[in-house]
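Asker: Right, I'll just put the structure down here and ask away after.
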Amino acid sequence: MTRIIALALALTLGGMAHASDGKAVDGAKAEEIKATLTEQGYEVRNIKTGDGMYEAYAIKDGVKYEIYLNEALKVVKTKQDN
């Protein structure tokens, strides 16, 4: 029984990206963001929320980026991360 609870907890926590402002990005929203950015050639490493936007940390062509998306998942700002 303990193994089942531990497995369920691990799966639940693994499906969520933790947010920088205390809110978690649910697994479905994180997957949608990841799919959107992957189509644009990014390799998404992490997704958080902050200042009312989603913040995706990704790599494209060997360069690190911070990509900011609004609630509609439209990219509103891209910043090269040095």
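Read-outs: derived from the displayed coordinates by stated rules, not from any lab. This one's a predicted model, so the numbers in the text were calculated from it and none came from an experiment. Here Cβ is always computed from backbone atoms with ideal geometry, including for glycine, and neighbour counts include all displayed protein chains.
Asker: Test of the criteria: in region 35-82, which trypsin sites (Lys or Arg not before Pro) are in a DSSP loop and have at most 16 other Cβ atoms within 10 angstrom of their Cβ?
Answerer: Numbers: sites: Arg45, Lys48, Lys60, Lys64, Lys74, Lys77, Lys79; in loops: Lys74.
Here the sparse-neighbourhood loop sites are Lys74.
Asker: While we're on this one: Under 26 Å Cα to Cα from Lys60, which lysines show up? Leave out anything in the same chain fewer than 8 places away.
Answerer: Filter leaves Lys29, Lys34, Lys48, Lys74, Lys77, Lys79.
Asker: Using the Cα gyration tensor of region 32-82, with a ≥ b ≥ c the square roots of its eigenvalues, what is the shape: rounded (a/c below 1.5), prolate (a/b larger than b/c) or oblate (neither)?
Answerer: Cα axes put region 32-82 in the oblate bin.
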